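**Q** Quick one: structure below, then a few questions.
The values are calculated or read from the model by the stated rules, or taken from the named source; none is laboratory data. It should be emphasised that the depicted structure is a prediction, and the values quoted were computed from it without experimental measurement. Heads up, the Cβs are rebuilt from the backbone with ideal geometry, glycines too, and the neighbour counts pull from every protein chain shown.
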Amino acid sequence: MRHMPLFLLFYFLVSPAWCQNAPPVNTERRSESLIGYTEGRNDLKGGQFVNWRTNRACVVRSDGTGRKVLAEELTRTENSWTQFAGWSPDGRQAIVLSLWESPENAAWEREHRTFRMT
């Protein structure tokens with residue numbers, strides 16, 4: 001009797017009757033879901049800065065179709081790039097970071113093997 005509540009919980013979670021009452025998966029809605037990510041190169045010679053400049057914030061549908069680069073206008077300034085940072089609390093808006101670094105500072109950081117804010 002001491003283990004009866006645990007047994008009931010187990011039965012409740014794996015019971016076929018419980019599974020039959022679950023709502024069906026809406027595959028149409030699933031294909032509308034978006035995955036946010038940062039896309040960029042990491043194989044260019046010249047260090048991190050050269051590769052960072054290729055980063056772009058993107059989204060794609062969860063089924064792998066519909067790739068879209070976000071906020072391309074933020075990358076029109078030389079030596080700038082974007083990164084996907086997350087979603088708004090309601091999940092309706094992407095949060096995109098806009099970044100820029102001077103080539104001189106990038107060279108200094110590479111030479112000294114440390115970061116600095118300028």
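**Q** State yes or no: is TRP108 surrounded by 14 or more Cβ atoms within 10 Å (Cβ to Cβ), among the aromatic types (Phe, Trp, Tyr) and in a helix (DSSP H, G or I)? Step through it out loud before you land on a result.
**A** Numbers: surrounded by 14 or more Cβ atoms within 10 Å (Cβ to Cβ): yes; among the aromatic types (Phe, Trp, Tyr): yes; in a helix (DSSP H, G or I): yes.
Yes; evaluated as a whole, the condition is true for this residue.
**Q** State yes or no: is LEU74 at pLDDT 95 or above, over 15 Å from the mean Cα position of the chain (by Cα) and not hydroxyl-bearing (Ser, Thr, Tyr)?
**A** For LEU74, the condition - at pLDDT 95 or above, over 15 Å from the mean Cα position of the chain (by Cα) and not hydroxyl-bearing (Ser, Thr, Tyr) - is met.
**Q** Condition check: in contact (Cβ under 8 Å) with a residue 24 or more places away in the chain and either aromatic (Phe, Trp, Tyr) or under 22 Å from ARG116 (Cβ atoms) (or both). Does SER80 satisfy that? Step through it out loud before you land on a result.
**A** Numbers: in contact (Cβ under 8 Å) with a residue 24 or more places away in the chain: yes; either aromatic (Phe, Trp, Tyr) or under 22 Å from ARG116 (Cβ atoms) (or both): yes.
Yes, satisfied.
So that you can scan it fast, the table gives a plain yes or no per residue for (1) surrounded by fewer than 15 Cβ atoms within 10 Å (Cβ to Cβ); (2) of a type in the set (D, E, K, R); (3) in contact with a Pro (Cβ under 8 Å, 6 or more places away or on another chain):
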{"position": "ARG53", "(1), (2), (3)": "no, yes, no"}
{"position": "GLY64", "(1), (2), (3)": "yes, no, no"}
{"position": "LYS68", "(1), (2), (3)": "yes, yes, no"}
{"position": "THR75", "(1), (2), (3)": "no, no, no"}
{"position": "GLN83", "(1), (2), (3)": "no, no, no"}
{"position": "ASP90", "(1), (2), (3)": "yes, yes, no"}
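**Q** A follow-up question, please. Looking at the structure I just gave you, is ARG116 within 24 Å of SER33 (Cα to Cα) and either touching a Phe, Trp or Tyr at 6+ places or on another chain (Cβ under 8 Å) or not polar (S, T, N, Q) (or both)?
**A** no
**Q** Mind checking which residues of the range 79-114 are aliphatic (A, V, I, L, M) and under 26 Å from the mean Cα position of the chain (by Cα)?
**A** Within the range 79-114, the subset aliphatic (A, V, I, L, M) is 85, 94-97, 99, 106-107.
Correct list: ALA85, ALA94, ILE95, VAL96, LEU97, LEU99, ALA106.
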